[in-house]
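Working notes, structure below.
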Amino acid sequence: MTVAQSPSLDLAPIRSIYPFEQHYLDLPCGRMHYLDEGHGPAVIMLHGNPTWSFYYRRLVAALRDRFRVIVPDHIGCGLSDKPQDYSYHLADHVANVGALVQHLGIREANMVVHDWGGAIGFGAATAGAFTLRRAVVLNTAAFLSRHVPWRIAVCKLPLFGDAVIRGLNGFAGAATWMAVERPMDPLVREGFLLPYRNYHDRVANLRFVQDIPLGPSHPTWATVAEIEQRLPMFRDTPMQVLWGGEDWCFDDHFLAGWMQRFPHADVQRFDHAGHYVLEDAHEQIVPRVRSFLTW
């Protein structure tokens, strides 16, 4: 695989709302960017597609006074390199998180996960990359499901997905209004889209969609099945589930999946929040997460 570093982005336009220092880890597939803010017990935050560490900016600012907050950008996302011939399978992202945790010397951590971050984070935790102390779950899954909305399914079609997601920015761009119930501030929208400026930069946006397993023949099906099988190891781990009730992608079908597997979890459904639940309901969510993690 050819590894080429992505050109540096000018963060000046969003520094007022993303005022964090950049850190990088060299991996065989390229440089992984991550935030490392504050001191204290570790909190690992894992984003999904098509977001990046920017999604967690408010939580980072709220927790870094008493926690060490680690927020990577998955390879292909955010400020990380975007190799064009990388496999971008779930197992790759899990391994990359494991490499980062090992590099940082983290043995125990709390975790906050959203979208693909759920499978990636619980994948790393079930593999023993770190001991999971507490988990915050935001509109995500870490178990198998054939429940895929048509707007996602059509993007898996050959040629069509490439044209729409990479060519027309029909995933990251559309998410800035389809994944929220409250209109985004223009500066926030700029922040979400900054790393995904062109066809080259949107490679992972497409590859994540293509990696959604809809049947046993898909290479990632077995990876998710193994993670799901190991989830009961966290049945006594304190868990907080904060859910956007207007999410058309990770809808209440997935919320029911978490509640079935973790009946003792602290669950809060925000009826008027969408998939980007941290954007729509941050006023309620940020203090709840801080309280939960400092309990």
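The values are calculated or read from the model by the stated rules, or taken from the named source; none is laboratory data. The structure presented is a predicted model; accordingly, all values stated were derived computationally and were not measured. Glycine also receives a Cβ, built like all others from the backbone with ideal geometry; neighbour counts cover every protein chain displayed. Just the protein is used for accessible areas: all its heavy atoms, side chains included, with ligands, DNA and RNA removed. Shrake-Rupley method; radii C 1.70, N 1.55, O 1.52, S 1.80 Å.
Of all DSSP beta bridges located in the chain, what percent are antiparallel, nearest 5? Percentage antiparallel, nearest 5: 30. When the Debye formula is applied to the Cα atoms of segment 121-260, each taken as the same point scatterer, what base-10 log of I(q)/I(0) results at q = 0.17 Å⁻¹? For the requested q values the scattering log ratios are -1.13.
Suppose only helical runs count, i.e. DSSP H with n ≥ 4. What mean residue ellipticity at 222 nm does that imply for the chain under -39500 (n - 2.57) per run, divided by all residues and rounded to the nearest 500 deg cm²/dmol? Show your work: numbers first, answer last.
Values: 11 runs with 96 residues, N = 295.
Mean residue ellipticity at 222 nm (helix-derived): -9000 deg cm²/dmol.
In order along segment 157-174, the Karplus-derived 3J(HN,Hα) couplings, from 6.51 cos²θ - 1.76 cosθ + 1.60 at θ = phi - 60°, round to 5, x, 6, 4, x, 4, 5, 6, 6, 8, x, 9, 6, x, 10, 4, x, 5 Hz, and Gly and Pro are given as x. Local charge for ASP36 was computed over the other residues whose Cβ lies under 14 Å away, with Lys and Arg +1 and Asp and Glu -1, and equals -1.
For a protection proxy built on the mean count of beta-carbon atoms within 10 angstrom, sort 90-98, 35-43 highest first, please.
Highest-to-lowest ranking by the protection proxy: 90-98, 35-43.
When a/c reaches 1.5 or more, the comparison of a/b and b/c decides; with that in mind, is segment 1-128 rounded, prolate or oblate per its Cα gyration tensor?
Details: a/c = 1.66, a/b = 1.11, b/c = 1.49.
The shape class here is oblate.
Got the relative contact order for segment 132-230 handy, in percent, Cα pairs under 8 Å and 6 or more residues apart?
Values: 68 pairs, mean separation 35.4, N = 99.
It rounds to 36 percent for segment 132-230.
The solvent-accessible area of HIS218, taken with every protein chain present and a 1.4 Å probe, is close to 40 Å². Only protein heavy atoms count here; under a 1.4 Å probe, LYS82 has an accessible surface of about 10 Å².
Going from most exposed to least, what order do TRP52, TRP221, TRP150 have by accessible area with a 1.4 Å probe?
Highest to lowest solvent-accessible surface, that is TRP150, TRP221, TRP52.
How big is the C-alpha Rg of the chain next to the rule-of-thumb value 2.2 N^0.38 Å, as a ratio?
Working: Rg = 17.4 Å, N = 295, 2.2 N^0.38 = 19.1 Å.
Normalised by 2.2 N^0.38 Å, the Cα Rg of the chain equals 0.91.
Residue-wise HN-Hα couplings along segment 231-236, as the Karplus relation 6.51 cos²θ - 1.76 cosθ + 1.60 with θ = phi - 60° gives them from phi, are 4, x, 5, 9, 4, 9 Hz; Gly and Pro carry x. Calculation over all alpha carbon pairs of segment 181-295 in 5 angstrom steps from 0 returns a P(r) of 2, 9, 13, 15, 19, 18, 14, 7, 1 percent.
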